[in-house]
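The values are calculated or read from the model by the stated rules, or taken from the named source; none is laboratory data. Since this is a predicted model, take the numbers as computed values, not measurements. Here Cβ is always computed from backbone atoms with ideal geometry, including for glycine, and neighbour counts include all displayed protein chains.
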Amino acid sequence: MAQTLHVIAVGDTDSNVGPAVRSDLSSLKATLQNGLSPGQLHWVELTGREANPLSVVKSLKDVVIDPQRDAVMLYYSGHGGFDVDRGHFLSMSHGGRLYRSEVRNAITTPLTPKFWAIVTDCCANLSQAAFNSPSTGTPQRPKLLLQKLFFQTRGSIDITSSRPGQVSFCTPSLGSAFTVALCGVIKENYYDALQWDDIFLRTRSQTAHLAELMIGQAKPVATPSGKRQTTQTAYSFSEMYGQNVNEE
């Protein structure tokens, strides 16, 4: 059996950023399909009323995996926030909050995949024009990156688009800084066997760069301390290869 990446892709298309969320899902699906071998991607998409906490948890628990070979990824595009007592949550138009801890439990119960990932962009507004179709004239070299990230790695990652206390920036013309950066880094490195910490650090750098450009077009955003937010910092809730990648 071929190794499979099972993606539960959740988009809150009934939120006030619905059309942009659909673009996020489309762009990520194309990015993963182009980087994997045919048949390796199992894509389950939840939008509209299906994008609710109960459906997300059920879909994660219903995934049939080979725990020694397969990888599972939860991707979410929509709104979110932080609760001082329970931590980060996904805020959905239907059903309200889904806490990150509940997502982790759903992925790892009853079987823990060889590798699993939670990737969330909680301020989604991605333009279809942000990504171009791959050139048909490109030489057919082996695309190593996603094989390395999802099938040759054990453990998990858990990342989101901004550090606790920050908002995630976007513009109607370009899209959301984090998703644009993540897909861009993946596409730029399809043929390189990078590790997750490489991808995260490059995505964080690109997210900050894009956010700083977007901040110039946005209304001032005050942080809880009262200071204006001047950047956006992608954040990991877990260590990568035993290292804290957040530089805290």
Note down all Cβ pairs under 7 Å where the first residue falls in segment 228-244 and is outside any loop (DSSP other than H, G, I, E, B), the second is among the aliphatic types (A, V, I, L, M) and exposed (fewer than 12 other Cβ atoms within 10 Å of the Cβ), and they're at least six residues apart or on different chains. R228/A222
Would you point out which residue out of L32, L41, L28 is under 21 Å from Y191 (Cα atoms) and touching a His at 6+ places or on another chain (Cβ under 9 Å)? L41
Going by the conditions given, is H79 touching a Lys or Arg at 6+ places or on another chain (Cβ under 7 Å) and farther than 21 Å from E239 by Cβ? no
Within segment 67-90, which residues are surrounded by 15 or more Cβ atoms within 10 Å (Cβ to Cβ), of a type outside the set (A, V, I, L, M, F, W, C) and assigned to a strand (DSSP E or B)? Y75, Y76, S77, H79, G80, H88
Could you please find all residues in segment 138-184 being modelled with pLDDT of 85 or more, buried (at least 23 other Cβ atoms within 10 Å of the Cβ) and at positive phi? none
Please work out if S55 is more than 18 Å from the chain's Cα centre (by Cα), of a type in the set (S, T, Y) and modelled with pLDDT of 95 or more. yes
Which of the residues spanning segment 35-57 are out of contact with any Ser or Thr (no Cβ under 9 Å at 6 or more places or on another chain) and surrounded by 15 or more Cβ atoms within 10 Å (Cβ to Cβ)? G35, L36, W43, E45, P53, S55, V56, V57
Quick one: which helices (runs of 4 or more DSSP H) sit completely within segment 145-215 and have at least 2 residues that are over 24 Å from H42 (Cα atoms) and under 17 Å from the mean Cα position of the chain (by Cα)? 196-215
